[in-house]
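Peer 1: Below is one structure. I have some questions about it.
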Amino acid sequence: MRYRNLGKQGPAVSVLGFGASPLGNEFRVTSAAEGARAVDCALDHGINYFDVSPYYGRTLAEERLGQALAGKRDRVFLATKCGRYDTDRFDFSPARLVRSIDESLARLRTDHVDLLQLHDIEFGDFRQIVDQALPALEAIRRSGKTRFIGITGLPLKMLARVACAVPLDTVLSYCRYNLMITDMDQWLTPVAGQKGVALINASPLHMGVLTERGAPAWHPAPPEVKQAGRAVVDFCRSRGVRVADVALRFCLDHPYVSTTLVGMADPGHVMENVRALDFEPDPELMAGIQRLVAPVKDVTWPSGRPENNDYEGCGDSENRLPSSFVVVQP
Ligand code: NAD
């Protein structure tokens, strides 16, 4: 495994992170025993970053992850979230967030998490996020129940806008930097760099689009994106290559992202994904993938309140990546 600092001075985290939403049956029905084996396999291969939320499986993923990590809590960087509780149930009020962390700690069987994030902030009111919810997370941090605080969501401009307004440790972006799309680097990476905020990139397989199984029924991408993803999967297979290897390698090469979160509940996938760290893609294969993706490159989908998609930067035109992130264990 390779490790990077979470931001400039944060702890060393594995470049491949364990996304625990599949433990909550978000993609298919999985067993607790298989999920626990996947967690053990990840630990054995040096993965130390685990990401979960009360939303995944409506608390099931936190329950299962807590059970799987019992007795191993001190070996991991544990990240959870608050504010999202169902597909259409959000509550970013300080009172709910304060209750939420206690509920998460009980399910995760620990007295603190390492990172607490507001989950999918685009479904909240911008002023409430900035003026109430993030101060509530700061208060939770002061109470010792989390070490770091952050935000997550899909619309890059709102993530950037909040990162400009409030000191944060992390921003988690998903489905905005992988083989299908790279606009994270246009809207968010420069702001994260300017503000010294750690960047977490989730969904390197575009939430299942870049897998043999294909996208789950709930996947919000337009049909043409799913078709292009299917063409990429077929093309990789025809070249004798696993699409997940190519997709992960692409994300892991990002120069600023601290960790790339891939959803896993299957030990076989954990093994394959760890091996992808050493995969060397052939330029001709990459050119073929780019041709297939070109017609839908950077096509995304709406998420959250319409007013949360209208921001164009930090008021600072410098779009440089910071040169100061540190690779601590090559
Ligand atoms: P993903 O792109 O990681 O795809 C996950 C799917 O790919 C699952 O069906 C999984 O079983 C499958 N898979 C994994 N490895 C595979 C392999 N080697 N071969 C074939 N299939 C494989 O999407 P994701 O799970 O949504 O994202 C990763 C994690 O990031 C999530 O689990 C979650 O922890 C986090 N996340 C957070 C947010 C947010 O905070 N708003 C949003 C999306 C994701």
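Peer 1: What's the local net charge at residue 279, with K and R +1, D and E -1, over the other residues with C-beta under 12 Å away? If you can, show how the numbers build up before the last one.
Peer 2: On the way: positive: 242, 249, 275; negative: 245, 253, 272, 278, 280, 282.
With Lys, Arg at +1 and Asp, Glu at -1, the net is -3.
Peer 1: Right, another one. Using a 1.4 angstrom probe and counting only protein chains, how large is the accessible area of residue 187 in Å², to 10?
Peer 2: 60 Å²
Peer 1: Among rounded, prolate and oblate, which fits region 206-256 when a ≥ b ≥ c are the square roots of the eigenvalues of its C-alpha gyration tensor, a/c under 1.5 means rounded, and a/b larger than b/c means prolate?
Peer 2: Details: a/c = 2.19, a/b = 1.23, b/c = 1.77.
Oblate shape, in that a/c is at least 1.5 and b/c is the bigger or equal ratio.
Peer 1: Can I ask one more? For residue 226, which lysines qualify as cross-link partners when the Cα separation must be under 18 Å and same-chain residues fewer than eight apart are set aside?
Peer 2: Result set, ordered by chain and number: 297.
Peer 1: Which length gain, in nm to one decimal place, applies between residue 237 and residue 299 when the Cα-Cα distance is subtracted from 0.36 nm times their residue separation? Let's see the in-between values first.
Peer 2: Numbers: separation 62, 0.36 × 62 = 22.32 nm, distance 2.39 nm.
Gain on stretching residue 237 to residue 299: 19.9 nm.
Peer 1: Moving on. May I ask for the net charge around residue 225, where only other residues with Cβ less than 12 Å from the Cβ of residue 225 are counted and Lys, Arg are +1 while Asp, Glu are -1? Provide the component values of the computation, followed by the final result.
Peer 2: Values: positive: 226, 230, 297; negative: 224, 298.
Taking every other residue near residue 225 into account, the sum is +1.
Peer 1: If you filter region 97-139 for trypsin sites (Lys or Arg not before Pro), then keep DSSP loop positions with at most 16 other Cβ within 10 Å, what is left? Could you put the intermediate results ahead of the total?
Peer 2: Working: sites: 99, 107, 109, 127; in loops: 109.
Those that pass, being in a loop and sparsely packed, are 109.
Peer 1: Obtain the nm distance between the two label points defined at residue 70 and residue 31 by a simple spin-label model: each point lies 7 Å from its Cα along the Cα-to-C-beta direction.
Peer 2: Going from the residue 70 label point to the residue 31 one covers 1.8 nm.
Peer 1: Something else about it: Where does each of 14-20, 165-171, 286-292, 202-208 land if you order them by average Cβ count within 10 Å, highest first?
Peer 2: Values: 14-20: 26.9, 165-171: 20.3, 286-292: 15.6, 202-208: 24.6.
Listed from highest to lowest mean packing, they are 14-20, 202-208, 165-171, 286-292.
Peer 1: Additional query: Which value, in Å² rounded to 10, gives the accessible area of residue 182 with a 1.4 Å probe and all protein chains present?
Peer 2: The accessible area of residue 182 comes to roughly 40 Å².
Peer 1: Counting pairwise Cα distances across region 3-309, what percent come out greater than 24 angstrom? Working shown, then result.
Peer 2: Working: 23027 of 46971 pairs.
The share of Cα pairs beyond 24 Å in region 3-309 comes to 49 percent.
Peer 1: Considering only 24, 66, 179, whose Cα is most displaced toward the positive end of the charge dipole of region 3-309, charges sitting on Cβ of Lys, Arg (+1) and Asp, Glu (-1)?
Peer 2: The listed residue farthest towards the positive side: 66.
Peer 1: A further question on this structure: Can you check what the net charge comes to around residue 305, using other residues whose Cβ is under 10 Å from the Cβ of residue 305 (Lys, Arg +1; Asp, Glu -1)?
Peer 2: Working: positive: none; negative: 122, 125, 307.
Around residue 305, the charge tally is -3.
Peer 1: When the helix-only estimate is applied to the chain (DSSP H runs of n ≥ 4, each -39,500 (n - 2.57), divided by the residue count), what is the mean residue ellipticity at 222 nm, nearest 500 deg cm²/dmol?
Peer 2: Values: 11 runs with 113 residues, N = 330.
After summing the helix terms and dividing by the residues of the chain, the value is -10000 deg cm²/dmol.
Peer 1: Could you give the dipole magnitude of region 3-309 about its Cα centre, charging the beta-carbon of Lys and Arg +1 and that of Asp and Glu -1, in debye to the nearest 20?
Peer 2: Computed about the Cα centre, the dipole is about 340 debye.
Peer 1: Out of 281, 155, 94, any idea which swings most in a Gaussian network model of the chain, alpha carbons joined below 10 Å?
Peer 2: 281
Peer 1: Related question: Can you compute the charge dipole magnitude of region 161-284 about its Cα centre, using +1 on each Lys and Arg Cβ and -1 on each Asp and Glu Cβ, nothing else charged? Give it in debye, rounded to the nearest 20. Mind dumping the intermediate values first?
Peer 2: Details: 11 positive and 14 negative charges, 69 e Å.
Charge dipole, region 161-284, about its Cα centre: 340 debye, nearest 20.
The values are calculated or read from the model by the stated rules, or taken from the named source; none is laboratory data. Keep in mind the model is a prediction, meaning the values are calculated, not measured. Neighbour counts are summed over all protein chains in view; Cβ atoms, including those assigned to glycine, are modelled from backbone coordinates with ideal geometry. These accessible areas exclude ligands, DNA and RNA; they are computed on the full protein's heavy atoms, side chains included. Shrake-Rupley method; radii C 1.70, N 1.55, O 1.52, S 1.80 Å.
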